[in-house]
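Here's the structure we're looking at; comments come further down.
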Amino acid sequence: PLRHTFPPGSTTKALIMAAALDQGVVQPDELFKTFADQEGIQLGSRHISEARGAPKEPEITASLALARSVNAVMVQIGALVPAPVLRDYLQRLGLGQRPGVGLGPEAPGYLPALDSKGSWSPHFTHASISMGHELSVSLWQMASALASIVRGGERLPLRLVRAIRQG
């Protein structure tokens, strides 16, 4: 859980939504286009499609987009958070750095650096990160980040428990 990394995919969408809500750039009941008629969203030369079973409605709320893991909407929501703010938010949740648990080798994962202009490519890196691609995390990092979101942003170190006994 500390050494092996993977692209977190859609689990990152909860972190993106939390950042957008914290920044006040989105409301849960705000409507967004799904681009269902185009089978995904077109960003310049890049087409981002949806998984099978994606919504057919032309618009859905931000909260429904998160619940149904809609790429096109999450890319739009991620774009509302400036890259430096989003990167800092993800870094403060522990992504892109070693957890420092002290249980053997730990991987830092990968969180892309900002370019020389202090941003990410909006159609590629920024959009990809909004869907959980172009970054990598360890299981420990992702569990810690999601636990922090559940706690309302309070980041506490994860702990290993040998056993839980009752009575």
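The values are calculated or read from the model by the stated rules, or taken from the named source; none is laboratory data. Keep in mind that what you see is a predicted model, and the values were worked out from it rather than measured. In this analysis, Cβ positions are derived from the backbone assuming ideal geometry, glycine residues included, and neighbour counts consider all displayed protein chains. SASA here: full protein model, heavy atoms, side chains in, ligands and nucleic acids out. Shrake-Rupley method; radii C 1.70, N 1.55, O 1.52, S 1.80 Å.
Summary of values
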item	result
Selection status of ALA72, among the aliphatic types (A, V, I, L, M), modelled with pLDDT of 95 or more and within 16 Å of SER128 (Cβ to Cβ)	yes
Number of positions in segment 98-111 that are free of Cβ contacts under 8 Å to residues at least 24 places away in the same chain and more than 18 Å from LEU160 (Cα to Cα)	1
Search result, residues across segment 129-167 that are open to solvent by less than 20 Å² (accessible area, probe 1.4 Å), more than 15 Å from GLN97 (Cβ to Cβ) and assigned to a helix (DSSP H, G or I)	ILE129, SER130
Complete set of residues in segment 5-37 that are modelled with pLDDT under 95 and either open to solvent by 90 Å² or more (accessible area, probe 1.4 Å) or in contact with a Cys (Cβ under 6 Å, 6 or more places away or on another chain) (or both)	ASP37
Residues that are open to solvent by 70 Å² or more (accessible area, probe 1.4 Å) and over 21 Å from ALA72 (Cα atoms), drawn from segment 116-128	SER116, LYS117
Selection within segment 1-27 - farther than 13 Å from ILE77 by Cβ, out of contact with any His (no Cβ under 6 Å at 6 or more places or on another chain) and part of a loop (DSSP other than H, G, I, E, B)	PRO1, LEU2, ARG3, HIS4, PRO8
Of the criteria (1) under 29 Å from THR34 (Cα atoms); (2) at pLDDT below 95, which one VAL137 fails	(2)
Scan of segment 38-61 for residues that are open to solvent by 30 Å² or more (accessible area, probe 1.4 Å) and within 27 Å of SER121 (Cβ to Cβ), ordered by number	GLN38, GLU39, GLN42, GLY44, SER45, ARG46, HIS47, SER49, GLU50, ALA51, GLU59
Candidate set: segment 84-115, residues that are in a helix (DSSP H, G or I) and of a type outside the set (S, T, N, Q); chosen: the one most open to solvent (accessible area, probe 1.4 Å)	ARG92
